[in-house]
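The values are calculated or read from the model by the stated rules, or taken from the named source; none is laboratory data. Just so it is clear, the structure is predicted and the values come from calculations on it, not from any experiment. Here the Cβ is made from the backbone with ideal geometry for all residues, glycine too, and neighbour counts use every protein chain on show.
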Amino acid sequence: MTYFDIHQSLRLPTRPRLLCQTALVSLATALPAYAQDDVIDLVPIVVENELAYSGEIDGYLALATETGVKSGVPLAEVPQSISVVTSTELESRAPRQVEDSIAYVPGVLPSTWGMDNRFDQFAIRGFDMGSSSLYRDGLPQKVLNFSGFTTDPYMIERVDVLRGPAGVLYGSNDAGGMVNLVTKRPVFGRLAEGKIGYDSNGSALVGFDWSDVINEQGTIAARVTGMVRDGETEVDNSADDRGFLAAGLTWAPTDSTSLTILGHIQKDSLTPLIFAPINGEDINSTWGSLPDGYNLKQSTYNHFDTEQETLGWEFTHSFAPNLTFNQSVRYAHQTTDYAQLDYSSADASGLKYYAFVNDEDAETFGIDNHLKWTNSFAGAENTLTVGLDHQTSRYDVTQYIDYTMYTVPYSNLSLDFAVTDPALGSRKRTEYGETGIYLQDHLDMGNGTKVTMGLRHSRFDNTIDDLIAGTQSSQKNDATTGMIGVTHEFANGLTPYLSYTEGFTQNIGKTLSGDVLDPSESTQWEAGMRFQPSADLMLSAAVFDLRKTNVKEYDTRDATWSSFTQTGEVRSRGLELEARGRLNEAVEGVFSYSYLDSKVSKSSDTTLVGNHNSMAPPHQVALWFDYDAENFVRGLSVGAGVRYVSAFYATQSNGRKTAGYALADLSLKYEMPEMTVNLDVNNLFDKDYEGLCYDSYGCTKGQGRVISLSLSREF
């Protein structure tokens, strides 16, 4: 891949780019008159390729991606469902967490655990996988125990959501798909913004984003982005504090070589997840009842404090116009200090709570090397990508827990009491390593037909050390996955596609006979259609059959509950519709609809067969639009959205439904000559709803109304 194909971080904003092009034409016209008399030194001008894989996007439609086809192709050529949340949408909707940024994407159930800002969690196509499917800049950024390596939306410029198995390009990954965050990169053109904000929960923030060329030759650009937030959520005794500083440096000495270094430091103080029982369901009416708002109560003992650092780079070099080497590297480290007085159960005497403390130290390392070779083959253009990637992770967890119970009587429902630190429970170190070799071929037949094929073989191992007992358990596995897909673009802009994809995840444990568990496997058949009635609008539809097999289940023949079987299978079928882009000069946005039929098709527990899979709502609808109200009020634009999620089960036992809900969001932006004012309202009508309800246990609360006001200025 050439430097221009990949590093669209060099992309100039629209207005400076047009000015550059106009100036270049004018200068070219004038040059003959001066050519014989003067020598004119010009700053190198970066040529922009129409395929943008990173950088600011003007509008709601990104026309290209590297997430589904690593060599980089137009979005319509990816033979699998993929949605891109652009910088324009991120700016308009102002998401508070990454999980909020994908709330309008079809097939995605955001905030699966309700109001929980410890890390991002979501389900895709009926599989709860937020903790295991996040990537940043193509490298894994998965949750390790409670270490989430959280990324703030202000630090990213786009989000790619690939739905369905993605084993060929990304290795171990669950069935539903993956989410790739693209970090803000330096731009070769001045960018400077400052902002301040305040919200209805009492959180105040200050942020800035700056980038520019920093040498006379115009070959080095830098970017620094930072934010400090101090405040709380609607939960009592809560914290919603964050401070981060992200920096990037791009060196592009020639049009065939570039190096971008990216790093950041971040410190958070956040609020743990809160479960609370429900009157009449988890609490017998003869015992007592909870007052309104009890699900927003927590102990002052609770805290979730983290510190993280990341450092990495992206390097590309073209040996020839048709031969390019790319390398991505990132190291990340996080420490986590987590304590909670956690709800356990309820009986006639009151609510039962127990305390735990987790001290964690986690680190990850990822590297991806791939070579792209483009050549002609039988009259067609063939792009072959061959890669080798490697990832390691290590997390040390010291947990203090002794299950001492605290009883809170119904006559005095207060959590304002002293909590004694529990005794040491365990101290373990877990290490994971995975190495994969992969290839992906994208064949352009020249008649509108494109064929994409891929194959990977991975070896991976997991080691768990009990640092107290001095024992160790280890497990090694390997997996081979493939994919094939075909797209065909008709002259009228209609592009149907058909694909088959595979994925895998490791299962830790052994069978009753002592055999190591095999990886779970996922396979998907998908057929879809994309249509572009204009350059700024894309309509998409997809139907799919997705299956996850070798699902790990407890072996009920083992009285110690330490052995497993792999007879489980989950099947998800569905329909997804999406419209994304601009309708006219004044209106742009996104619409999505998802129908999902996700069930347990096989299980060692026969009572589960035929039940609905967990966190798989049958229907979801979302609509967000931006309206340019310039004709009514100069500088005003209005954004509004509505999301509907139908009722769903939290467990495969189907013992309890989480009620469906509909939420509305609003965004107002007023641009003045010197400043921009943004008013954002999430959950406009303050809908009281549950994010998740567990069988015979309790529920988590969904996010209430949050009103945010911010002022920003470009310098």
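Within segment 397-414, residues that are closer than 30 Å to Gly148 by Cα sit with their Cβ atoms under 9 Å from residues that are of a type in the set (Asp, Glu) and part of a loop (DSSP other than H, G, I, E, B), at 6+ positions apart or across chains, in these pairs: Tyr400/Asp421.
Quick test of your reading of the structure: Ser131 fulfils all but one of (1) small (Gly, Ala, Ser); (2) modelled with pLDDT under 95; (3) touching a strand residue (DSSP E or B) at 6+ places or on another chain (Cβ under 8 Å). Name the failing condition by number. Failed condition: (3). For Val78, are the conditions met, namely being more than 18 Å from the chain's Cα centre (by Cα), modelled with pLDDT of 95 or more and closer than 25 Å to Tyr593 by Cα? So Val78 passes the test.
Could you tell me which of the residues Thr112, Thr67 is among the hydroxyl-bearing types (Ser, Thr, Tyr) and within 23 Å of Thr501 (Cα to Cα)?
That would be Thr67, the only listed residue that is among the hydroxyl-bearing types (Ser, Thr, Tyr) and within 23 Å of Thr501 (Cα to Cα).
When Ala123 is tested against (1) over 30 Å from Ala222 (Cβ atoms); (2) assigned to a loop (DSSP other than H, G, I, E, B), only condition (2) is not met.
Let's see how each residue does on (1) at negative phi; (2) crowded, with 21+ Cβ neighbours inside 10 Å; (3) modelled with pLDDT of 90 or more:
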{"position": "Leu517", "(1), (2), (3)": "yes, no, no"}
{"position": "Phe531", "(1), (2), (3)": "yes, no, yes"}
{"position": "Leu539", "(1), (2), (3)": "yes, no, yes"}
{"position": "Phe544", "(1), (2), (3)": "yes, yes, yes"}
{"position": "Thr556", "(1), (2), (3)": "yes, no, no"}
{"position": "Arg573", "(1), (2), (3)": "yes, no, yes"}
{"position": "Arg580", "(1), (2), (3)": "yes, yes, yes"}
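When each of Ala346, Ala332 is tested for being modelled with pLDDT of 95 or more, surrounded by 18 or more Cβ atoms within 10 Å (Cβ to Cβ) and closer than 22 Å to Tyr170 by Cβ, the lone residue that passes is Ala332.
Looking across segment 138-169 at every residue that is among the aliphatic types (A, V, I, L, M) and assigned to a loop (DSSP other than H, G, I, E, B), the one that is surrounded by the most Cβ atoms within 10 Å (Cβ to Cβ) is identified as Ala166. Going through (1) within 26 Å of Gly189 (Cβ to Cβ); (2) touching a helix residue (DSSP H, G or I) at 6+ places or on another chain (Cβ under 6 Å) one by one, Val235 falls short only on (1). Residues in segment 404-421: is at least one surrounded by fewer than 16 Cβ atoms within 10 Å (Cβ to Cβ) and under 25 Å from Ser172 (Cβ atoms)? There is no residue in segment 404-421 that is surrounded by fewer than 16 Cβ atoms within 10 Å (Cβ to Cβ) and under 25 Å from Ser172 (Cβ atoms). Remark: Lys552 matches the filter, which requires a residue to be surrounded by 16 or more Cβ atoms within 10 Å (Cβ to Cβ), in contact with a Leu (Cβ under 9 Å, 6 or more places away or on another chain) and among the basic types (Lys, Arg). Restricting attention to segment 287-311, the residues being out of contact with any Gly (no Cβ under 7 Å at 6 or more places or on another chain), part of a strand (DSSP E or B) and crowded, with 21+ Cβ neighbours inside 10 Å number 3. Scanning segment 295-321 for residues that are under 27 Å from the mean Cα position of the chain (by Cα) and closer than 23 Å to Gly138 by Cα yields Glu307, Gln308, Glu309, Thr310, Leu311, Gly312, Trp313, Glu314, Phe315, Thr316.
Considering Val600, Val642, Val621, the condition of being among the aliphatic types (A, V, I, L, M), free of Cβ contacts under 8 Å to residues at least 24 places away in the same chain and within 21 Å of Ala123 (Cβ to Cβ) is satisfied by Val642 alone. Taking segment 689-714 as the range and being surrounded by fewer than 18 Cβ atoms within 10 Å (Cβ to Cβ), within 17 Å of Glu91 (Cβ to Cβ) and either in contact with an Asp or Glu (Cβ under 9 Å, 6 or more places away or on another chain) or among the hydroxyl-bearing types (Ser, Thr, Tyr) (or both) as the test, the residues that pass are Leu709, Arg713, Glu714. Restricting attention to segment 442-471, the residues that are among the polar types (S, T, N, Q) and touching a His at 6+ places or on another chain (Cβ under 8 Å) total 2. Residues that are without any contact (Cβ under 8 Å) to a residue 60 or more places away in the chain, in a loop (DSSP other than H, G, I, E, B), within 24 Å of Gln340 (Cα to Cα) and under 11 Å from the mean Cα position of the chain (by Cα) do not occur anywhere in segment 188-205.
Filter segment 82-92 down to residues that are surrounded by 24 or more Cβ atoms within 10 Å (Cβ to Cβ) and closer than 20 Å to Asn683 by Cβ and give me whichever is nearest to the chain's Cα centre (by Cα). Taking the candidates together, the pick is Val85.
With respect to (1) surrounded by fewer than 24 Cβ atoms within 10 Å (Cβ to Cβ); (2) more than 14 Å from the chain's Cα centre (by Cα); (3) more than 24 Å from Gln506 (Cα to Cα), the lone exception for Asp100 is condition (2).
For the structure I just gave you, tell me whether Thr404 is out of contact with any strand residue (DSSP E or B) (no Cβ under 6 Å at 6 or more places or on another chain) and assigned to a strand (DSSP E or B). Yes; evaluated as a whole, the condition is true for this residue.
Residue count for segment 231-261, restricted to those that are in a loop (DSSP other than H, G, I, E, B), within 26 Å of Val206 (Cα to Cα) and in contact (Cβ under 8 Å) with a residue 60 or more places away in the chain: 8. Look at segment 347-364: where a residue is over 14 Å from Gly148 (Cα atoms) and a partner is not in a strand (DSSP E or B), sitting 6+ places away or on another chain with Cβ atoms under 6 Å, you get Ala348/Trp287; Gly350/Pro409; Gly350/Tyr410; Ala355/Val419; Ala355/Pro422. The set of residues in segment 333-378 that are small (Gly, Ala, Ser) and more than 30 Å from Asp389 (Cα to Cα) comprises Ala339, Ser344, Ser345, Ala346, Ala348, Ser349, Gly350, Ala355, Ala378.
Taking the criterion of being part of a loop (DSSP other than H, G, I, E, B) and of a type in the set (D, E, K, R), would at least one residue in segment 476-489 satisfy it?
Within segment 476-489, one or more residues are part of a loop (DSSP other than H, G, I, E, B) and of a type in the set (D, E, K, R).
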